1. Take B:Leu33 and tell me if it is within 14 Å of chain A (Cβ to nearest Cβ), under 26 Å from A:Gly104 (Cα atoms) and touching a helix residue (DSSP H, G or I) at 6+ places or on another chain (Cβ under 7 Å).
2. Grab the strands (runs of 3 or more DSSP E) fully contained in segment A:52-98, keeping just those with 3 or more residues being of a type in the set (Val, Ile, Thr).
3. Looking at segment B:88-109, is at least one residue more than 24 Å from A:Arg36 (Cα to Cα) and either small (Gly, Ala, Ser) or crowded, with 16+ Cβ neighbours inside 10 Å (or both)?
4. Does B:Ser96 meet the test of being at pLDDT below 95 and either in contact with a His (Cβ under 9 Å, 6 or more places away or on another chain) or closer than 27 Å to A:Tyr89 by Cα (or both)?
5. Going by the structure shown, is B:Arg69 loosely packed, with under 14 Cβ neighbours inside 10 Å, more than 12 Å from chain A (Cβ to nearest Cβ) and basic (Lys, Arg)?
6. Can you tell me which residues in segment B:22-35 are in contact (Cβ under 8 Å) with a residue 60 or more places away in the chain and either aromatic (Phe, Trp, Tyr) or buried (at least 18 other Cβ atoms within 10 Å of the Cβ) (or both)?
7. For segment B:58-87, give me each residue that is more than 15 Å from B:Leu47 (Cα to Cα), part of a helix (DSSP H, G or I) and polar (S, T, N, Q).
Amino acid sequence: DGGITQSPKYLFRKEGQNVTLSCEQNLNHDAMYWYRQDPGQGLRLIYYSQIVNDFQKGDIAEGYSVSREKKESFPLTVTSAQKNPTAFYLCASRDRGSHGYTFGSGTRLTVV
Amino acid sequence: AQSVTQPDIHITVSEGASLELRCNYSYGATPYLFWYVQSPGQGLQLLLKYFSGDTLVQGIKGFEAEFKRSQSSFNLRKPSVHWSDAAEYFCAVGASEYGNKLVFGAGTILRVKS
């Protein structure tokens, strides 16, 4: 079945370390998105990519980086510059011509 | 830019009672509107969407929503709530001119009491 796979489901990181969250989709969707979710704040857009080898900053891009080398993959790196990285991270994709997103099941990142 | 307001952080309803979750948006033209549901620790599942046409849209799990342009609202309703509906609900707005990026409300947590 087609879908979006986020891994790992739980991730622990020491302060000062970079960590990369994986997002893979087999839906053949062109656009991919990364959101951060914190209690009571809804979802906030970190980065998005409309096509391969191109991506744009969202509303809260500071301390994060992404790459889009393949259509299927859109990994997110949480760098040590991100001051408060503990959160639930959601990846989504959208097909060209569609306006709704398909979401992955998320990665919960905890800084210890 | 678009914005979304969900005025109710928590709502508690009795099983079998009707439900209405409120959503107000800010956008100059007709936006694309969505309702998503999220169970704890999971991703978001699309309940329904509005792009154009009939202002009353039907979704999955017996949910419906009505687009009211004059009130800038897109409220979600269900005539009879089941215990399995307990979850967090998010309203979202998108627009082509903003690259189809979705802007989400803060969410409403629904509790169902038996």
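1. Values: within 14 Å of chain A (Cβ to nearest Cβ): yes; under 26 Å from A:Gly104 (Cα atoms): yes; touching a helix residue (DSSP H, G or I) at 6+ places or on another chain (Cβ under 7 Å): no.
It is false that B:Leu33 is within 14 Å of chain A (Cβ to nearest Cβ), under 26 Å from A:Gly104 (Cα atoms) and touching a helix residue (DSSP H, G or I) at 6+ places or on another chain (Cβ under 7 Å).
2. On the way: elements: A:54-57, A:64-66, A:76-78, A:87-94.
In segment A:52-98, there are no strands (runs of 3 or more DSSP E) which contain 3 or more residues that are of a type in the set (Val, Ile, Thr).
3. Taking segment B:88-109 and keeping what is more than 24 Å from A:Arg36 (Cα to Cα), we get none.
No - not one qualifying residue is present in segment B:88-109.
4. Numbers: at pLDDT below 95: yes; either in contact with a His (Cβ under 9 Å, 6 or more places away or on another chain) or closer than 27 Å to A:Tyr89 by Cα (or both): yes.
Spelling it out, B:Ser96 is indeed at pLDDT below 95 and either in contact with a His (Cβ under 9 Å, 6 or more places away or on another chain) or closer than 27 Å to A:Tyr89 by Cα (or both).
5. Values: loosely packed, with under 14 Cβ neighbours inside 10 Å: yes; more than 12 Å from chain A (Cβ to nearest Cβ): yes; basic (Lys, Arg): yes.
In short, yes.
6. Hits for segment B:22-35 are B:Cys23, B:Tyr25, B:Tyr27, B:Pro31, B:Tyr32, B:Leu33, B:Phe34.
7. B:Ser70, B:Gln71
Here's the yes/no breakdown for (1) touching a helix residue (DSSP H, G or I) at 6+ places or on another chain (Cβ under 8 Å); (2) part of a strand (DSSP E or B); (3) without any contact (Cβ under 8 Å) to a residue 40 or more places away in the chain:
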position	(1), (2), (3)
B:Ile11	no, yes, no
B:Glu20	no, yes, no
B:Gly41	no, no, yes
B:Tyr89	no, yes, no
B:Ala106	no, no, no
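The values are calculated or read from the model by the stated rules, or taken from the named source; none is laboratory data. Here the structure is a predicted model, which is why all the values come from computation and not from measurement. With ideal geometry, Cβ positions are generated from the backbone for all residues, glycine too; neighbour counts draw on all protein chains shown.
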